Amino acid sequence: MAIFQGQFANVVEWNEARDDVIFWKWGNNELKKSSRLVVRPGQDAIFLYNGRIEGIFTDEGNYEMESQIIPFLSTLKGFKFGFNSGLRAEVVFVNVKEFLIKWGTKNAVLIPTPQLPGGLPIRAFGTFTMKVSDYVTLMDKVAGIKNQFTVDDVKDRVVAVLDGLLMRSIAKEGKDMFNLQANAADIGSDICVQLDMQMRSIGLSITGFAVSSFSYPEEVQEKINRTASYHMVGDVDKYQKVGMVDAMASEKTGSSSMGDAMGSMVGMMAGMQMAKDMTQNAAPPQGKTPGGAKFCSECGQKLAAGAKFCPECGLKIGD
């Protein structure tokens, strides 16, 4: 972005236009008889005098102040001034292309669910397209207070209202992740209409809005994956052993104190189960030992020869 002061003319141009800038204001500089305006492809130039739009140049080219600009402005708006002294005016260059902008939810949006009274958090990502639709409104609402207006400025405005629009659409289109993914196109169309109505208040038009994906926050997704893996294991004994392995892995990577406590508990349960299994596997058949002595298989009490019941716990002794 630069203004070049030549020997015979000052050139008004936006020669370093960036793809992320929607408009840039050439400051309140003095225009003289020899000044000229350069409008490049993809730009419109708007003349402002005393805060009012006096003319819009939509065709690319090189315009001379005395022979082309003043006659045009005078015909259009009755704009007149002499050349005894310079004219202090503003020129705003507008990028007329359609912008493609990525978006993401600022905060997690909650899906209503019976299991969680507070709702299940999700995030959403996608893109939207926009362009300048009303120069008068844009100059009045934005250009009057900013020297340039960028894609990030628009994105901030969109994200500020997006969470609320998503919650309305979620309540309308689906109550779970599967419905949301299936109805993503309808949700995008609905938000596009509502967002366009809001952005037109500053002279911008939302021409398209797409939801690329819905997802759970990372910490929620990890818990879902773990729960699913435990359900796939099915067997309680294997469930406990898997939990013990997870606890050991967590211990190696340095988990939180709560995670350590849970890991220790799962490990303890697995250890108890393993000890029980070993005891049951090592125990001799009821009433028979390698030395010929008999013991109660329930309480371990030594039995007298020919005993039919355990004198300690009353268990019936088989032959």
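How much accessible area does Lys316 have with a 1.4 Å probe, in Å² rounded to the nearest 10?
Its accessible surface works out to 140 Å², give or take rounding.
Please list, in chain and number order, the residues 5+ apart from Trp103 or on another chain whose amide H is under 5 Å from its amide H, with Hs placed from the backbone.
For Trp103, the qualifying residues are Gly126, Thr127, Phe128.
When you count, for each residue, the other Cβ atoms within 10 Å and take the mean per peptide, how do 146-159, 210-223 rank with the highest first?
146-159, 210-223
At what distance in nm do the modelled label points of Phe125 and Val96 sit from each other, each positioned 7 Å from its Cα along Cα→Cβ?
3.5 nm
What per residue convex hull volume, in Å³, do the alpha-carbon atoms of region 159-224 yield?
In region 159-224, the Cα hull volume divided by residue count equals 92 Å³.
Could you give me the radius of gyration and the Dmax of region 134-195, taking only the C-alpha atoms into account and expressing both in angstrom?
Reported Rg and Dmax, both Å: 15.7, 46.
The values are calculated or read from the model by the stated rules, or taken from the named source; none is laboratory data. Just so you know, these numbers come straight off a predicted model, no measurement behind them. Using ideal geometry, Cβ is built from the backbone for each residue, glycine included, and neighbour counts are taken over all protein chains shown. Side chains are part of the model used for accessible areas, which takes the heavy atoms of the whole protein and leaves out ligands, DNA and RNA. Shrake-Rupley method; radii C 1.70, N 1.55, O 1.52, S 1.80 Å.
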